[in-house]
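Below you'll find the structure, written out as structure tokens, and then a few comments.
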């Protein structure tokens, strides 16, 4: 694994929340024409009786205006700051199922959407599910706060359908800016951070797979072209140490704590409303959320709901070791499969290699 250069990185992906407070260019309003085109595509899908796993670029066509929006999203996450926040996704007056169809239909034009959990869902419901958070369970079924982290695919998208009345502020941070703080304040920690950590699999692996990543996942890694990728999720890393029954050393603990504190200090805070959606590059940007509260008498079907997609983008960047840095986290259990592979049942037996990128994902 290529080590850190011990020099600060530069570019659009290096930013702070403070620097973006008076810069509106990271927010984009979805136009009425784009909303109308998404609804028209939804009508086509419903008339054909298609489900989520059936969606692709051919049967969910985008109009000219929405094609331009798709390209704007891809350019922002791939070549810009690493994230974009859209406002005005057409959720008003739509059923949750119809919103899922529109959202995944758009997502399949951004890249190849991949499955996210033991149920092989292509869209995950991020909502309070009454799950007791433990060190060995995933957190998105809980209203407790989530540290700034990355998800497992190339890009994560989160769409607000219903918001909680109290709390739930979203946080977004530049992980390349966090790296620069390591260079500035603790360059002596970089070799260990570049070596990385084992990530747990939260008991979501198949019977024939390891319960945690067999190799360490570097926090910071540089490709031969000096392109930096950052992979960090404290919950998965903590669980990996717990599962292996090997406590962190004092220096490892210090590295993780410094990463968390630095990311939080540099973060942009965003109040997400229904119809707001952000897309973030998981090699450049961290995301998290504050705790939230809802009234006890709010019916379950009316409580906070966000929809999450993961997708891979062709040639999103170069890597020091693509098998580890890019795909070492999304290749276990029912995670990381495309809709076509799920339809074919390729996730059900050992021996099948994930496609990871479908040929029709050309955004």
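We did not get these values from a lab; they are worked out from the coordinates using the rules stated. Please read these numbers as outputs of a predicted model, since none were measured by experiment. Backbone-built Cβ (ideal geometry, glycine too); neighbour counts: all protein chains shown.
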Worksheet item: Separation between the residue 215 and residue 301 pseudo-spin-labels, each 7 Å from Cα along Cα→Cβ, expressed in nm?
Response: 4.8 nm
Item to complete: Along each of the three principal axes of the Cα atoms of the chain, give the extent in whole Å, ordering the values from largest to smallest.
Response: 59, 52, 48
Fill in: Computed label-point distance, nm, for sites residue 185 and residue 57 using a 7 Å Cα→Cβ extension
4.3 nm
Worksheet item: Helix 64-79 sits at what angle to the longest principal axis of the chain, using alpha carbons and giving 0 to 90 degrees rounded to 10?
Response: 0 degrees
Discussion item. So if I restrict to the alpha-carbon atoms in the range 219-341, what is the Rg, and what is Dmax, the biggest pairwise distance, in Å?
Written reply: 17.8, 56
Worksheet entry | Scattering curve values for the range 215-267, log₁₀ I(q)/I(0), Debye with Cα scatterers, q = 0.12, 0.23, 0.28 Å⁻¹ | -0.33, -1.01, -1.20
Discussion item. I need the peptides 230-237, 115-122, 54-61 ranked by packing, meaning the mean over residues of other C-beta atoms within 10 angstrom, with the highest value on top.
Written reply: 230-237, 115-122, 54-61
Worksheet item: How far, in degrees from 0 to 90, does helix 175-185 lean away from the longest principal axis of the Cα atoms of the chain, to the nearest 10?
Response: 20 degrees
Worksheet item: So how tilted is helix 32-48 from the main axis of the chain? Cα-based, degrees 0 to 90, rounded to 10.
Response: 70 degrees
Discussion item. Show me the three semi-axes of the equivalent ellipsoid for the range 70-154, from the C-alpha gyration tensor (sqrt of 5 times each eigenvalue), largest first, rounded to whole Å.
Written reply: 24, 18, 14
Worksheet item: Cα gyration tensor of the range 1-130, axes a ≥ b ≥ c as square roots of the eigenvalues: rounded (a/c below 1.5), prolate (a/b > b/c) or oblate?
Response: prolate
Discussion item. Please report the spacing between the Cα centers of the range 60-130 and the range 270-327 in Å, no decimals.
Written reply: 10 Å
Worksheet item: Semi-axes, largest first, in whole Å: what does sqrt of 5 times each Cα gyration tensor eigenvalue give for the range 125-180?
Response: 22, 15, 12
Fill in: Ordering of 65-77, 201-213, 150-162 by packing [mean C-beta count within 10 Å, highest first]
150-162, 65-77, 201-213
Worksheet item: At what distance in nm do the modelled label points of residue 250 and residue 40 sit from each other, each positioned 7 Å from its Cα along Cα→Cβ?
Response: 6.6 nm
Fill in: Fewest-first ranking of 181, 358, 21, using other Cβ atoms within 10 Å as the exposure measure
21, 181, 358
Discussion item. Roughly how far apart, in whole Å, are the Cα centres of the range 1-58 and the range 171-250?
Written reply: 25 Å
Discussion item. Could you order the peptides 239-251, 303-315 from most to least packed, using the average number of other C-beta atoms within 10 Å per residue?
Written reply: 303-315, 239-251
